[in-house]
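Quick note: the coordinates plus some simple rules give every number you see, no bench work behind them. Model, not experiment: these values are computed from the prediction. With ideal geometry, Cβ positions are generated from the backbone for all residues, glycine too; neighbour counts draw on all protein chains shown.
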Amino acid sequence: MTERYRLGSPIETCAVTENLPILKKDIPFFSRTEDNGFILKLDKNDIVYGLGEQVRGINKRGWKYTSCSADNCNHQEDTNSLYGTHNFFIVSGSVLFGVFFDYAGTINYDIGYANYDTLHITADDYNMDVYIITGAIEKDIVKEFRSLIGRSYIAPKWAFGYGQSRWGYKSAEDIRNVANEYKKRHIPLDSIYLDIDYMERFKDFTVNEQAFPDFADFCAEMKKEGIHLVPIIDAGVKIESGYDVYEEGVKNNFFCKDKDGNDFVGAVWPGRVHFPDFFKPETREWFGSKYSFLIEKGVEGFWNDMNEPAIFFTDDRLESVINRVNELSKSDMGIYDYFEFTGIVAGISNNIEDYKKFFHTVNGERIPHNKVHNLYGYNMTKAAGEAFESISPEKRILMYSRSSCIGAHRYGGIWQGDNKSWWSHLLMNFQMMPSLNMAGFLYTGADLGGFGSDTTEDLMLRWLQLGVFTPLMRNHSALGTREQELYRFDNCDDCKKMVEIRYGLIPYIYSEYMKAVLKNEMMFRPLSFDFRDDEMVKSVEDQLLLGDELMLAPVYTQNAVGRYVYLPEEMKLVRMRSLDDYDTEILTKGHHYVKADLNELIFFIRKGKAIPVGKSAENTALLCDDTLVLMGYDGTGYALYSDDGISKNYSIDDNLKIIK
Ligand code: MIG
């Protein structure tokens with residue numbers, strides 16, 4: 001059951017698609033503090049699940065989190081905000097309910113941080129809708145919540161193939177070279193990503209013609225090889241006279257305004273930019289229509305970046321910092337001066353004070369950015385998603401975004417942002433999967449191998465082993481870091497085998513993804529959602545269920561030759577070196593140490609279940625359901641969802657078939 005409550009007069013977020021009556025009584029479960037905050041006393045064993053894209057574990061208890069979308073490529077355990085904000089969580093234990101704060105501003109969640117037994121929530125202001133969802137089990141609560149917020153975005157099937165990306169590919173030649181290196185080794189590949197360097201001076205909806213002399217031909221050439229080019233689109237529009245996107249935006253008042261009503265100026269990649277005011281329907285329609293510039297050239301997918309929005313600096317901040325630095329440089333730079341110096345310089349970019357300096361028009365009303373900050377990336381993705389319906393009514397277009405909030409899940413997926421080539425981030429990205437699913441984000445995955453920092457070949461391989469299962473399977477890395485295309489490593493052949501395993505499993509992974517989307521369910525779940533009476537699973541933080549068939553237990557530490565797992569029931573261990581070199585073993589309920597050499601992928605098939613496994617192919621277009629055989633327990637079938645992967649007939653009845 002879902003109940004809706006209203007505090008004050010909220011700004012419409014369009015997160016929810018159902019219009020429930022507003023109840024005029026006290027919000028259950030919580031008590032209110034004098035300053036309007038929410039308090040819930042937690043029992044010793046209560047668990048808090050959710051909050052979408054956030055640091056730390058599956059159980060969110062014991063830390064403080066802030067919903068304020070942040071570009072933070074240095075995030076760690078003590079970070080409070082990441083790229084997206086997802087204000088939905090479930091408290092499970094002495095009580096069982098879900099809560100969604102439908103709110104555009106900043107919320108702080110102290111989940112047993114100041115006091116381990118207290119959940120304390122505060123917000124910028126208290127103009128919000130609060131939804132309380134109850135149900136018999138966590139899965140029911142999630143399902144009910146997901147039906148409230150509408151069906152998740154559906155990616156084309158080719159987007160389940162392996163993707164290679166790196167910030168630093170500069171030309172058609174660079175891309176061709178990547179494609180060739182993969183082809184030469186017959187490593188499956190479905191997409192190569194174009195990062196900002198494909199553009200002309202980082203201008204959205206342009207192509208650098210020196211580097212890509214005939215972009216449409218190049219797209220066609222790659223498509224012949226089965227490779228999709230996926231360009232990046234940034235939020236900021238370069239200020240440059242003669243540049244059509246800039247000129248049109250200025251002329252039609254499509255950009256955010258400063259306090260005096262002039263187009264607001266920030267600086268990002270291209271230098272000075274204006275930010276489209278995606279809250280205006282006419283801006284969304286205009287910006288969305290621009291994607292056709294690339295679609296007409298053969299592009300079928302995009303990633304939206306820097307849409308928190310990230311701001312390198314604003315001119316007035318830059319000036320005041322430079323002035324202050326000049327003053328400080330004349331002092332003797334004692335420790336406090338030195339701290340001030342490093343602090344103000346580091347604080348130039350993504351300074352939340354800058355979010356107060358510009359304004360949107362929301363339903364005809366002028367609203368400062370900081371009041372609706374978390375909705376900015378969402379509305380950029382919505383601009384694209386809405387436009388694709390008319391630009392490409394028949395065919396799915398791949399879209400995923402860096403920033404998001406609930407609502408954006410209907411228009412695109414997300415990637416998990418700028419992680420690092422750290423083992424701890426492998427685990428963190430894994431732990432994030434269920435909470436993202438709770439919030440409606442099913443098409444998602446991490447930058448495999450890690451984005452920032454130098455990767456190592458063992459980390460790459462272990463991360464690929466996790467990526468085998470995530471809908472988005474993309475290797476991406478930052479400019480200046482160690483190159484991490486699979487062919488850079490001595491263990492390339494082992495990497496290749498993992499990618500081939502992925503292609504053998506795509507029919508299953510795609511099927512589970514589609515079922516989860518169409519039934520408003522989670523593809524990835526904590527063990528405790530299914531094994532509710534098992535006390536042990538409540539603290540399992542490094543294993544997840546995938547669909548109804550699998551349990552995942554990735555290896556996420558360096559130099560490991562295996563790992564401990566806990567099995568809440570008997571399961572069949574699968575240890576795979578390649579699609580046709582594997583062993584299986586039935587393990588009893590309980591604790592086990594499972595060996596997994598670096599070149600071995602381990603996963604578990606649940607008792608009485610089986611999954612379809614096919615043959616690999618050089619790209620998804622060449623995959624064929626006819627080769628599927630069941631792996632797992634004998635005497636059982638699997639209900640496979642399968643469609644053409646590109647058109648928009650998603651009927652579950654038409655597309656399900658039982659494989660025996
Ligand atoms: O400030 O376009 O998250 O994936 O490679 C960095 C360059 C801007 C951030 C994205 C990352 C991308 C990078 N971008």
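Data overview
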{"quantity": "Residue order, fewest to most beta carbons within 10 Å, for F603, F359, F441", "calculated": "F359, F603, F441"}
{"quantity": "Per-pair calculated FRET efficiency, R0 = 30 Å: D244 and E319 via Cβ, rounded to 0.05", "calculated": "0.45"}
{"quantity": "Order of W415, W286, W422 under a 10 Å beta carbon neighbour criterion, fewest first", "calculated": "W422, W286, W415"}
{"quantity": "Student exercise, the stretch 497-569 dipole from Lys, Arg, Asp, Glu Cβ charges, in Debye to nearest 20", "calculated": "320"}
{"quantity": "For A610, residues with placed amide H under 5 Å, excluding near neighbours", "calculated": "Y633"}
{"quantity": "Nonlocal amide H pairs with V268, under 5 Å, H built at 1.01 Å", "calculated": "V273, F312"}
{"quantity": "Percentage, to the nearest whole number, of Cα pairs in the chain over 47 Å apart", "calculated": "14"}
{"quantity": "Dipole of the chain, positive end: most advanced residue of I658, M438, T456 [Cβ charges, Cα centre]", "calculated": "I658"}
{"quantity": "Integer Hz, Karplus 6.51/-1.76/1.60 couplings in order for the stretch 395-411, x for Gly and Pro", "calculated": "10, 5, 10, 6, 9, 9, 10, 8, 8, 6, 8, 4, x, 5, 4, 7, 10"}
{"quantity": "Percent of C-alpha pairs per 10 Å bin, the stretch 1-101, short to long", "calculated": "12, 39, 37, 11, 0"}
{"quantity": "Estimated 222 nm signal from helices in the chain, with DSSP H stretches of n ≥ 4 weighted -39500 (n - 2.57), rounded to 500", "calculated": "-7500 deg cm²/dmol"}
{"quantity": "Span-rule helices in the chain, defined as complete DSSP H runs reaching 27 Å or more along the axis (Cα) with Kyte mean at least -0.5", "calculated": "492-518"}
{"quantity": "Rounded Å value of the spacing that divides the Cα centres of the stretch 147-194 and the stretch 409-436", "calculated": "18"}
{"quantity": "Separation of alpha-carbon centers, the stretch 320-336 and the stretch 295-314, rounded to whole Å", "calculated": "37"}
{"quantity": "Gain on full stretching of the segment that runs from D260 to R6 - 0.36 nm per residue minus C-alpha separation", "calculated": "88.1 nm"}
{"quantity": "Restraint check, K157/K496; K184/K515; K64/K170; K41/K589, Cα-Cα greater than 32 Å", "calculated": "K184/K515; K64/K170; K41/K589"}
{"quantity": "Between the stretch 500-559 and the stretch 578-641, the Cα center-to-center distance that results, in Å", "calculated": "13"}
{"quantity": "For the chain, size of Cβ-based charge dipole, Lys and Arg +1, Asp and Glu -1, in debye", "calculated": "1100"}
{"quantity": "Alpha carbon convex hull of the stretch 172-283, volume per residue in cubic angstrom", "calculated": "123"}
{"quantity": "Estimated vicinal HN-Hα couplings, Hz - the stretch 370-375 in sequence order (Karplus 6.51, -1.76, 1.60; Gly, Pro = x)", "calculated": "4, 6, 10, 3, 5, 8"}
{"quantity": "Y633, Y503, Y564, Y246 arranged by Cβ crowding within 10 Å, fewest neighbours leading", "calculated": "Y564, Y633, Y246, Y503"}
{"quantity": "Cα gyration tensor shape of the stretch 18-161, rounded if a/c is under 1.5, else prolate or oblate by comparing a/b with b/c", "calculated": "rounded"}
